[in-house]
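No lab work stands behind these numbers, since they all come straight from the coordinates. Here the structure is a predicted model, which is why all the values come from computation and not from measurement. Cβ sites come from the backbone with ideal geometry, for glycine too, and all protein chains shown count toward neighbours.
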Amino acid sequence: MKIVFLSTNICSVPTLQFLMNTETVLAVVAPAEENPFNQQLEQFAVGLNVPFKRFSKPEFTAGFKDMLTELQPDLVLVFAFGYKIPSELFDIPKYGFFNVHFSLLPKYRGQCPVFWQLKNGEETGGISVHQVTAGFDAGPLLMQKEVAILPGASHGVHWGRLSLESVAVIASAIDKLKSTGITMLLPQNEASASVAPAPKPNDLAICWETQSAREIENLVNATNPDYGGAVTLLRNQMLRLLEVAPAELNSPVEQAPGTIVYADVNHGLFVACKNQQYLRINIVHSTEGILSGFKLAALGIQAGERLLTMPNQ
């Protein structure tokens with residue numbers, strides 16, 4: 001099958017490697033805006049002697065249309081691509097456009113599905129391969145696979161796992177296209193639809209007064225590393241928590257949520273949450289760098305100090 005591959009992210013490399021061994025990859029296309037992730041993708045494609053092309057958003061419709069008309073691919077596979085696909089391009093490839101989305105659609109439609117699944121404490125997520133239509137992540141489904149979210153998995157860990165799991169899902173999707181075309185697609189159930197937009201600053205902030213220890217841990221995991229950590233205040237300076245763990249104290253005394261109840265260079269930093277629950281602060285990102293809870297204790301953070309909720313932004 002002749003495929004044009006659209007992506008912005010290094011996470012698509014396992015799939016691209018697979019396609020290079022099994023199909024004919026005519027080109028890899030990325031947005032014009034460079035970042036470390038799509039630069040790595042470009043280096044990988046060029047190393048495999050696959051033509052690599054960038055389009056700016058204004059030139060994408062006309063430029064990509066010309067490319068498709070010339071190449072006449074069977075399929076355009078979209079994997080973490082930043083631009084909306086114009087509907088006038090849909091019918092140029094034999095099988096159209098299909099997108100790889102990291103959720104079990106129609107749940108978590110949008111650009112940040114993994115963040116919201118982790119923040120909401122979902123135990124399972126998944127991978128969907130769906131036809132690209134005018135509706136955002138709303139096209140009929142070609143293939144899906146449920147993927148468990150491992151306890152304590154960060155955004156980066158779960159994303160990496162999904163990237164590897166995608167290879168088998170896409171292989172099955174391509175086999176299905178070859179055998180049945182687009183006649184066996186399943187419509188999405190609109191009654192189950194939910195959205196996953198880009199998080200706003202308040203979505204990244206810990207609210208010590210209302211969130212449980214589990215909810216705070218989920219938020220920390222959801223923000224590591226892509227969003228820099230969950231935001232709180234310490235000594236009137238922003239602190240981003242990158243890793244925490246549930247903790248139990250031998251003789252707990254009720255403290256206001258956010259209060260540091262124990263700080264020791266040998267055992268680390270422990271903070272109170274609501275309902276007499278506790279978290280150990282393992283890793284933070286501060287203006288001084290990325291530090292452990294042990295290092296914070298060694299630098300003079302003491303029991304009785306308090307982590308505060310950021311004001312609404």
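Of the GluC sites (Glu not before Pro) found in the stretch 10-71, those that fall in a DSSP loop while having at most 15 other beta-carbon atoms within 10 Å are E33, E34.
On the beta carbon distance between V195 and A256, with R0 = 30 Å, the FRET formula returns roughly 0.30. Between K107 and S194, the built amide H atoms are under 5 Å apart, and every one of these is 5 or more places off in sequence or on another chain. Modelled label positions at E70 and K178, each set 7 Å beyond Cα in the direction of Cβ, lie 2.8 nm from each other.
Would you calculate, for the chain, the mean residue ellipticity at 222 nm contributed by helices, counting each DSSP H stretch of 4 or more residues as -39,500 (n - 2.57) and dividing by all residues, to the nearest 500? Mind dumping the intermediate values first?
Working: 7 runs with 86 residues, N = 313.
Per the formula, -8500 deg cm²/dmol.
With R₀ fixed at 25 Å, the C-beta to C-beta distance from Q39 to D226 puts the FRET efficiency at about 0.90. Shown here for the stretch 234-286: GluC sites (Glu not before Pro) in loop regions (DSSP other than H, G, I, E, B) with at most 13 other Cβ atoms within 10 Å, namely E248, E254. Taken along the Cα-to-beta-carbon direction at a fixed 7 Å, the label points for A298 and A245 span 1.8 nm.
Values (1) 18.0; (2) 16.7; (3) 19.8 are given for comparison; mean projected area of the Cα convex hull in nm², derived from the coordinates here, is the one labelled (1). Annotation for the stretch 13-30 versus the stretch 52-108: alpha-carbon center distance of 14 Å. Stokes-Einstein, applied to the Kirkwood radius of the stretch 187-289 over Cα pairs at a viscosity of 1.306 mPa s and 10 °C, places its translational diffusion at 107 µm² s⁻¹.
Within the chain, what's the longest stretch lacking trypsin sites (Lys or Arg not before Pro) that sit in DSSP loops with no more than 15 other Cβ atoms inside 10 Å?
Longest site-free region, per DSSP loop and neighbour criteria: 95-234.
Between the listed residues V129, L105, F81, the Cα displaced farthest toward the positive end of the dipole of the stretch 1-129, a dipole computed from Cβ unit charges relative to the Cα centre, is found at L105. Here the chain is assigned +1 on the Cβ of each Lys and Arg and -1 on the Cβ of each Asp and Glu. Its dipole about the Cα centre then comes out at about 80 debye.
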